[in-house]
Amino acid sequence: MSDDKDHQEIIYGLCKKRGFFWGPSPEIYGGAAGLYDLGPLGKLLKNRLEGQIRSSFVKANFWEVECPTVSPEIVWKASGHLDGFIDPITECIKCGQNYRADDLIEELAPDAKIKGLSLDELTEKINELGIVCPSCKGELGPVTQYNLMLRTQLGLDQVAYMRPETATTTYLLFKRFLTFFRNKLPAQVFQIGKAYRNEISPRQGMLRLREFTQVEGQIFILKADEVDWEYFPDIADDKLPLLPYQIQEEESDEVSNITVKEALEKGYFATQAYAWCVHLAYQIFRSMGFTNEVMRLRQHLMNERAHYAKDAWDVEIFTESFGWVECCGVHDRGNYDLTRHKEFSKEKLYVKVDKKPVVPNVLEIAFGVERPLYCLIDNAYEEDEERSWLRFPPRVAPIQVAVFPLMGKDELESVAKDIYDDILESGLIIYYDRSGSIGRRYRRQDEVGTPYCVTIDYDTLEDTTVTIRDRDSMDQVRVKRENLVVVLRNLVRGEKRFSDL
RNA sequence: GCGCUCGUUGUCUAGGGGCUAUGAUGGAUCCCUGCCACGGAUCCGGCCCGGGUUCAAAUCCCGGCGAGCGCACCA
């Protein structure tokens, strides 16, 4: 796409102008990359997405929990993030170029044994092997560490870190879950909360943040349930747009739309439970308003997978701004995490199966909310010669209804305000606007994606009907005032279509 | 963090040492307006931050911060 950048600029301009998001934050001090503020409309939209996510999980029998965002060092030692997140870095003294020290040594001296070496030992190794900057032949500085976790402290001297994922904090509750779920597995929980990653160089605006809201659903499950999953039959015949790794290795990106059952038979998924998780992730994104045409499920190649992941599929969303964007990962984490926390905490993080202790496996659905937030705006954007508008599905639109008096006359305004109060009372998010021509007010709402506008005119005073104007078609229908709130609620919930009114 | 390019009202933008910084769009109040950015009046709002050169800096130089692209990074 030649107009990639244009589209990205259009979206960012619109979002800044209309109060979806601002940044980088704090703007008045110049801003720090990777931090953004949500404006009123962005926050409304995010709340709606989180609402859809929450209800999808709850319908799938998950229970929501919330954990602290800061945890003592030991937690991250156990989880592997302390070692996994600290990269050894060396900087060229002459040109300032940075390198991963271990990668550099391995690349230039494949025979060197560097596994498990400390930072000082890596520095020695570089000197010993006479390794210099590949780019300018300058001398390399001492090996230091770069930590992708944000470090802080508790009290005077306890080292702690902001969580880089919510999942680990969820696992720490495993013993409590056993009690809550009355010692029965599977146990399904999820968490929506902030996570922090100290990215070296955040790019692509809202897509790579240093602080973001993460959603992570976890199933603690035993092998027997994985292969014979209670809820699997419900979804076995649903089709998914799949891109398994074998196809990608053939340099193809052709998605095959096949049923979950078929995918399992073809070996794309190892177990029923994992397949169900991929399906659930897909459903969650559908509920947020993404259409089939912009979604695909892509399996990670073998070398893409994280150390703990036995299998990994992503939900990807197509955007005009960035092409395909990775939005959600579904991982089979095995029993890595619980085993590690069992070792480090010395707690009994297992269940008894046939009188033997078994550490259950964990299946995980993980994603950040800001990515789908951006992708949804990107997908929703439409323009023609006449206007530009955001085609949000009504159920996730930030403002659901706007109310206008046809003109700013007292007799129209007093009725309009009564109607505004009625709708407000119903719980819909509503906006009142009396300023400017009626066309201008419709355009303002189009630009922020408000699906329905209600206009009070002189006929309203005669026959108590108002017009509802549809954002996408710009068509209007008249409805009785006493039916208005019910009609609007049905429209917004997607229980009725405007064209059927 | 490196390299290249860039940073002017809410948004988009012209200018590139010299009176009061250009235009569009937007917003506010009023008039007009009987359904899709009409028109009129009045008003609002800007040179990213710091230092330097100069009689004079939005403009030139240095540094910082930020953005886009490329490199590196992305558990």
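The values are calculated or read from the model by the stated rules, or taken from the named source; none is laboratory data. This is a predicted model, so every value here is computed, not measured. So basically every Cβ, Gly included, is an ideal-geometry build from the backbone, and we count neighbours across all protein chains shown. Side chains are part of the model used for accessible areas, which takes the heavy atoms of the whole protein and leaves out ligands, DNA and RNA. Shrake-Rupley method; radii C 1.70, N 1.55, O 1.52, S 1.80 Å.
When only Cα pairs below 8 angstrom with a gap of at least 6 residues are kept, chain A shows a relative contact order of 12 percent. Roughly what angle does helix A:40-59 make with the longest principal axis of chain A, taking Cα atoms, 0 to 90 degrees, to the nearest 10? Approximately 70 degrees, to the nearest ten. Cross-linked pairs A:Lys17/A:Lys409; A:Lys223/A:Lys355; A:Lys175/A:Lys356; A:Lys46/A:Lys184: Cα-Cα separations exceed 24 Å for A:Lys17/A:Lys409; A:Lys46/A:Lys184. Compared with the dominant principal axis of the Cα atoms in chain A, helix A:370-380 is inclined by about 40°. Specify whether the C-alpha gyration tensor of the range A:172-330 places it in the rounded, prolate or oblate class, a ≥ b ≥ c being the square roots of the eigenvalues: rounded for a/c under 1.5, otherwise prolate if a/b is larger than b/c and oblate if not. Oblate is the answer for the range A:172-330, as a/c is 1.5 or above yet b/c matches or exceeds a/b. Full extension of the chain segment joining A:Ala224 with A:Ser414 gains 61.9 nm, where the gain is 0.36 nm per residue of separation less the Cα-Cα distance.
Between 0 and 90 degrees, rounded to the nearest ten: what's the tilt of helix A:336-345 against the longest Cα principal axis of chain A? Tilt of helix A:336-345: around 70 degrees. Which value, in debye to the nearest 20, gives the size of the charge dipole of chain A about its Cα centre, when Lys and Arg are +1 and Asp and Glu are -1 at the Cβ? With Lys and Arg at +1 and Asp and Glu at -1, about 1700 debye. Would you work out if the range A:257-320 is rounded, prolate or oblate? Take a ≥ b ≥ c from the square roots of the eigenvalues of the alpha-carbon gyration tensor; rounded if a/c is under 1.5, else prolate when a/b is larger than b/c, oblate otherwise. Oblate. Computed log10 I(q)/I(0) for chain A at 0.07, 0.11 Å⁻¹: -0.49, -1.07, from the Debye equation with unit scatterers placed on every C-alpha and solvent omitted. A probe of 1.4 angstrom, applied to the heavy atoms of all protein chains, finds A:Met162 with accessible area near 40 square angstrom.
Here A:Glu425 and A:Ser473 are evaluated by their C-beta separation; at R0 = 30 Å the FRET efficiency comes out at 0.60. For the range A:391-500, the relative contact order comes to 31 percent (Cα pairs under 8 Å, sequence separation of at least 6). Charges on Cβ only, +1 for Lys and Arg, -1 for Asp and Glu, centred on the Cα centroid of chain A; of A:Leu264, A:Thr123, A:Leu173, which one is farthest towards the dipole's positive end? Checking the options against the dipole of chain A, the answer is A:Leu173. The amide H of A:Tyr161, built 1.01 Å from its N in the peptide plane, has A:Ser71, A:Glu73, A:Thr152 as neighbours under 5 Å, considering only residues 5 or more places off or on other chains. Each part gets one Cα centre, and for the range A:402-433 versus the range A:180-256 those centres are 43 Å apart. Below 16 Å, Cα to Cα, which aspartates and glutamates can A:Lys194 reach? Residues fewer than 8 away in the same chain don't count. Partners within reach: A:Asp37, A:Glu50, A:Glu64, A:Glu66, A:Glu165, A:Glu211, A:Glu216, A:Glu370.
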